[in-house]
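Worksheet: one structure, shown below.
The values are calculated or read from the model by the stated rules, or taken from the named source; none is laboratory data. Nothing here was measured: the structure is a model prediction, and the numbers come from that model. Cβ sites come from the backbone with ideal geometry, for glycine too, and all protein chains shown count toward neighbours. These area figures cover heavy atoms from the full protein model, side chains too; ligands, DNA and RNA do not enter into them. Shrake-Rupley method; radii C 1.70, N 1.55, O 1.52, S 1.80 Å.
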2 protein chains.
Amino acid sequence: MGKGEATRETILDAASRLARTVGLSGMTIGTLAASTELSKSGLYAHFRSKEALQLQVLEHAKGRFVAEVVSPALAAARGEPRVRALFDAKLRWNAQPGGCIFTSSAMELDDRPGPVRDRVVRDQRDWLDTLATVFHTGRTEGHFRADADPEQFAFELDGIMFSYHSFKRLLGDETAEARARRAFETLLDSVREAR
Amino acid sequence: MGKGEATRETILDAASRLARTVGLSGMTIGTLAASTELSKSGLYAHFRSKEALQLQVLEHAKGRFVAEVVSPALAAARGEPRVRALFDAKLRWNAQPGGCIFTSSAMELDDRPGPVRDRVVRDQRDWLDTLATVFHTGRTEGHFRADADPEQFAFELDGIMFSYHSFKRLLGDETAEARARRAFETLLDSVREAR
DNA sequence: TCTCGATGAGAACGAGCGTGCGATCTACGA
DNA sequence: TCGTAGATCGCACGCTCGTTCTCATCGAGA
């Protein structure tokens, strides 16, 4: 990895952190340059536009997300254990300082067309697909009711994550995690075999 | 209502609409002035700062929210009917063009201290309190399990709203409303007397 | 040692930002 | 009808934005 590549990595790390608190649009080149101890133009040279920077921030974050959340969870046993692992990992991801960049970007860009929004949509779809697939596997394993809808499960699980985000970050409510876990158990109960 | 008051109202209406799509911070005085066919300074004279404008936008929206969502729902019969009415009304509110300004502001400002954030926090707390109270009433009526936690109910219901927002506005998913309603029924099932 | 591409600094740009200040226009009570 | 207070405008301010240029530095290969 050359020197340039290393700085680029440093920049993207800082940018992810910054974007999580002020949003992808709220993040400015000047602030980012200051926080990385680079000149505006020096930083800018690594990306040819702000939009390219935003896209690379998302790509960078997605790489980390797969490595820290998705892959480890897929190591768990098929079925309910894997669903639990995925939930746990995502909860940890959301709990990191600044919260989840995909969650904030999703809300920020929901009404602003463009390549960045397209990318966010793709990532969100990927995440929901992952959830649905993992749930579907669990259904095949016989852990969940045969008539339970994987996409509906993904819808409801993601809702828990959103609510967690709001309680924890906006309201500063310390019961957020407990509530999220409890909601998760309720959700599992509702899709389990016996009723 | 004097002329000034009327224009102020017009401005706040336009501002609510604008803020829902670009965020309270993304909204600029220039753009807002253009969309109301006022000069920047003419518009600015109604508010003494951008922050004051943001606060008044929230207050304005809250007035409409109470009138269009909370009050009508409180007219329904105590207990489950009232909970349903509240859910329905909030769903309609979220479905309006641009979505729910409180939802987007909540995500936008979760990490940016200041009076505007404080206001958003207060509004979000009020909303959760309303949900919890209405649910509590239903519990007293014997519609819900005695050990069901109103705040937990509010947490989970709000999660459904968030997920609805995401599916509908970000993903453009037409099944969003159906999924939200289905999730709501599941939630009701989980808190009902018989198990 | 010399050269050259990669890396970054520095200064500057046009545009748009929030904000303020007088001057004008307009509606309404005396 | 007139006077005036309030509503609105035109203009300009200092600043920051994203972006673009030129130029210095540095390290690796010839």
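The residues of region B:98-136 that are open to solvent by 50 Å² or more (accessible area, probe 1.4 Å) and in contact with a Pro (Cβ under 8 Å, 6 or more places away or on another chain), listed by number, are B:133, B:136. Annotation note: Cβ proximity below 9 Å between a residue of region B:33-46 that is among the charged types (D, E, K, R) and a residue that is within 7 Å of DNA strand C (Cβ to nearest atom) and open to solvent by less than 70 Å² (accessible area, probe 1.4 Å) (sequence gap 6+ or interchain) occurs for B:40/B:29; B:40/B:30.
Please verify whether region B:129-151 includes one or more residues that are within 27 Å of residue B:52 (Cα to Cα) and more than 7 Å from chain A (Cβ to nearest Cβ). Yes; the residues of region B:129-151 include at least one that is within 27 Å of residue B:52 (Cα to Cα) and more than 7 Å from chain A (Cβ to nearest Cβ). Among residues belonging to region A:152-195 that are facing chain B (nearest Cβ under 8 Å) and basic (Lys, Arg), point out the one that is nearest to residue B:123 (Cα to Cα). Per the criteria, the residue is A:169. Picking from residues in region A:108-145 that are at pLDDT 95 or above and acidic (Asp, Glu), the one that is farthest from residue A:185 (Cα to Cα) is A:118. Taken together, the residues in region B:1-33 that are among the small types (Gly, Ala, Ser), at pLDDT below 95 and more than 24 Å from residue B:65 (Cβ to Cβ) amount to 2.
Looking across region B:1-32, the residues that are among the polar types (S, T, N, Q) and without any contact (Cβ under 8 Å) to a residue 60 or more places away in the chain come down to B:7, B:10, B:28, B:31. The number of residues in region B:96-119 that are aliphatic (A, V, I, L, M) and at the interface with chain A (Cβ under 7 Å from one of its Cβ atoms) comes to 2. Each residue in region A:23-65 was checked for being within 14 Å of chain B (Cβ to nearest Cβ), open to solvent by 20 Å² or more (accessible area, probe 1.4 Å) and more than 10 Å from DNA strand D (Cβ to nearest atom), and 0 of them qualify. Against the condition out of contact with any helix residue (DSSP H, G or I) (no Cβ under 8 Å at 6 or more places or on another chain) and of a type in the set (A, V, I, L, M), how does residue A:14 come out, does it pass? Here the answer is no, as residue A:14 does not meet what is asked. Scanning region A:1-22 for residues that are aliphatic (A, V, I, L, M), away from DNA strand D (no atom under 12 Å from the Cβ) and open to solvent by 20 Å² or more (accessible area, probe 1.4 Å) turns up A:1, A:6.
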